[in-house]
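Visitor: Let me begin by handing over the structure; questions about it come next.
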Amino acid sequence: MPELIDVAIVGGGPAGLAAAVTLGRSLRTVALVDAASPRNRFSTHAHNVLGNEGISPADLLAKGREEAASYGAALVDATVTRITGTRGDFTVFYDGGEVRARRIVLATGLTDVLPELDGLAEGWGTDVLHCPYCHGYEVRGQKIAVIATDPGAAHQAKLFGNLSDHVTVVPLDHRPDEEECAELTRLGVVVSGSTAARAVRENGALRGVELADGTLVKADAAVVAPLMRPNLELYESLGGRPETNSAGVKCVDTGEGGKTDIDGVWIAGNVSNIGAIVISSAASGVSAGAAINMDLIEEAARANG
Ligand SMILES: Cc1cc2nc3c(=O)[nH]c(=O)nc-3n(C[C@H](O)[C@H](O)[C@H](O)COP(=O)(O)OP(=O)(O)OC[C@H]3O[C@@H](n4cnc5c(N)ncnc54)[C@H](O)[C@@H]3O)c2cc1C
């Protein structure tokens, strides 16, 4: 039977790695198991990462892994398939082995489900974008098509309209209402009459969005709102019951530091907050690490009292 360590972390993106650093610096024994599919792996640069502006996502994680390992965290490259046990003695099973830990951090991220439109997936993370704070500055002043699939489209169009005078909203599954169209017009954003039929690519780059009526809305970048599905399978398999929000997405209502309703289990990063970016995901990992460290201290204080 493997020795019992303090904390097992599932997921080695910014959230999981930050938790590993915080716990390692608190002299906790840590194992981090990661399947190496961070959400932003499709992009070459990560922005709004203070102190590491524009760094490649792979380089950022390599630095984070080095830092976590320097404080003693054991890094395992594998996919966790199952977690059993309860607070004080969980077993985390991954392909090729298992680890026993007193506490768990789930930092498994989320899965982006792109709108179904030919030609979009090929450009995801390069010229098919979702977040003005991640890549908006890079497409400032360019021709931008916002593919409208839900009521958030007007919001996205306003944000990208702040960065370019050439923004067109192209309805796909959703069309902004009259009031939204009036606001967008006042901001210089155009709403196309016809709906999107396909994204047109040439030599690997986006050229525009072809409409159902055959016209082409020229675009250097397309903006989409992927359906963001938190990777909650392990949480649910432990008995966690996520809520379903108004957009039909499962989410977990956490307490301080990402504490869940499963005793001994914390969550951090995009799996608990779909709006988190790199730096806020890392911040939540630090909070989860700190909360677990305190929880272990309190447990020892009670046991010795
Ligand atoms: C295209 C794109 C570009 C982006 N650009 C930026 C940007 O420029 N700036 C910015 O701040 N944010 C950006 N983001 C957002 C950023 O990627 C996320 O906020 C951040 O990666 C979330 O960190 P995380 O640790 O929660 O999850 P992730 O980084 O997604 O890491 C989760 C990790 O958990 C692993 N995992 C999942 N399940 C298991 C399992 N069962 N067993 C083992 N491991 C598992 C995954 O393989 C992955 O490595 C971008 C997002 C996208 C989609």
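Visitor: Among A197, I104, H166, flag the residue with its Cα farthest along the positive direction of the charge dipole of the chain, charges on Cβ as +1 for Lys/Arg and -1 for Asp/Glu.
Guide: I104
Visitor: Oh, and also: Roughly speaking, what is the centre-to-centre gap between the stretch 228-266 and the stretch 128-156 when only Cα atoms are used, to the nearest Å?
Guide: Using only Cα atoms to place each centre, the spacing works out to 28 Å.
Visitor: Among all stretches of the chain without exposed GluC sites (Glu not before Pro) (DSSP loop, at most 14 other Cβ atoms within 10 Å), which one is longest?
Guide: With a cap of 14 other Cβ atoms within 10 Å, the longest stretch comes to 117-305.
Visitor: What accessible area per residue, rounded to a whole number of Å², is obtained for the stretch 115-223 using a probe radius of 1.4 Å?
Guide: With the other protein chains kept in place, the stretch 115-223 gives 50 Å² per residue.
Visitor: Per DSSP helix of 4 or more residues, -39500 (n - 2.57); summed, then divided by the residues of the chain. What does that give at 222 nm, rounded to the nearest 500?
Guide: Using -39500 (n - 2.57) per qualifying helix, the result is -8000 deg cm²/dmol.
Visitor: Kindly write out, for the stretch 100-108 in residue order, the coupling ³J(HN,Hα) from the Karplus curve 6.51 cos²θ - 1.76 cosθ + 1.60 (θ = phi - 60°), rounded to whole Hz, with x marking Gly and Pro.
Guide: Computed from phi, the couplings for the stretch 100-108 are 9, 9, 7, 9, 10, 10, 9, 10, 8 Hz.
Visitor: Relative contact order of the chain, please, whole-number percent, based on alpha carbon pairs below 8 angstrom and at least 6 residues apart.
Guide: 21 percent
Visitor: Another question, if that's okay. Taking the Cα centre of the stretch 115-223 as origin, sum charge times position over the Cβ atoms of Lys and Arg (+1) and Asp and Glu (-1), and report the length of that vector in debye to the nearest 20.
Guide: Here the size comes out at about 340 debye.
Visitor: How many percent of the accessible area of the chain is carbon or sulfur, using a 1.4 Å probe?
Guide: Carbon with sulfur: 51 percent of the solvent-accessible area.
Visitor: Quick one: 3J(HN,Hα) in Hz for the stretch 87-96, Karplus 6.51/-1.76/1.60 with θ = phi - 60°, rounded, Gly and Pro as x.
Guide: Rounded to whole hertz, the list is 2, x, 7, 9, 10, 9, 9, 10, 4, x.
Visitor: Need one word for the stretch 220-305: rounded, prolate or oblate. Basis is the Cα gyration tensor (sqrt eigenvalues a ≥ b ≥ c); a/c below 1.5 gives rounded, then a/b vs b/c decides.
Guide: Here the stretch 220-305 falls in the oblate category.
Visitor: At a 4.7 angstrom Cβ threshold, list every cysteine in the chain that has nobody to pair with, or say none.
Guide: Cys with no partner Cβ under 4.7 Å: C181, C251.
Visitor: Tell me which lysines have Cα within less than 20 Å of K250's Cα, excluding those fewer than 8 residues away on the same chain?
Guide: Cα-Cα hits under 20 Å: K259.
Visitor: Can you tell me the length gained on complete extension of the stretch L216 to S37, counting 0.36 nm per residue apart and subtracting the Cα distance?
Guide: Roughly 61.0 nm would be gained on extension.
Visitor: A further question on this structure: Measuring with a 1.4 Å probe in the full set of protein chains, what accessible area per residue, in whole Å², belongs to the stretch 263-305?
Guide: Here the residues of the stretch 263-305 average 42 Å² of exposed surface.
Visitor: While we're here: Starting from the amide H of A35, placed 1.01 Å from N in the peptide plane, find each other amide H under 5 Å away whose residue is 5 or more places distant or on another chain.
Guide: G11, G12, A78
Visitor: While we're here: Just from the alpha-carbon atoms, what are the Rg and Dmax of the stretch 115-223 in angstroms?
Guide: Every Cα atom of the stretch 115-223 included, Rg and Dmax give 12.4, 39 Å.
Visitor: While we're looking at this one, here's another question. Over all directions, the average projected area of the alpha-carbon convex hull for the chain comes to how many nm²?
Guide: Mean orientational projected area (the chain, Cα hull): 17.3 nm².
Visitor: When the Karplus curve 6.51 cos²θ - 1.76 cosθ + 1.60 is applied with θ = phi - 60°, which whole-Hz ³J(HN,Hα) does each residue of the stretch 234-242 get, with x for Gly and Pro?
Guide: Once rounded to whole Hz, the list reads 5, 4, 5, 5, 7, x, x, 10, x.
Visitor: May I ask you to list, by number, the DSSP H helices of the chain whose Cα span along the axis is at least 30 Å and whose average Kyte-Doolittle hydropathy reaches -1.0 or more?
Guide: 278-304
Visitor: Also, quick follow-up: How big is the dipole moment of the chain about its Cα centre under a simple scheme where the beta carbon of each Lys and Arg is +1, that of each Asp and Glu is -1, and everything else is neutral? Debye, nearest 20, please.
Guide: For the chain, the charge dipole is close to 480 debye.
The values are calculated or read from the model by the stated rules, or taken from the named source; none is laboratory data. Given the structure is predicted, the values throughout are model-derived calculations rather than measurements. So basically every Cβ, Gly included, is an ideal-geometry build from the backbone, and we count neighbours across all protein chains shown. Only protein heavy atoms, including side chains, enter the accessible area calculation; ligands, DNA and RNA are left aside. Shrake-Rupley method; radii C 1.70, N 1.55, O 1.52, S 1.80 Å.
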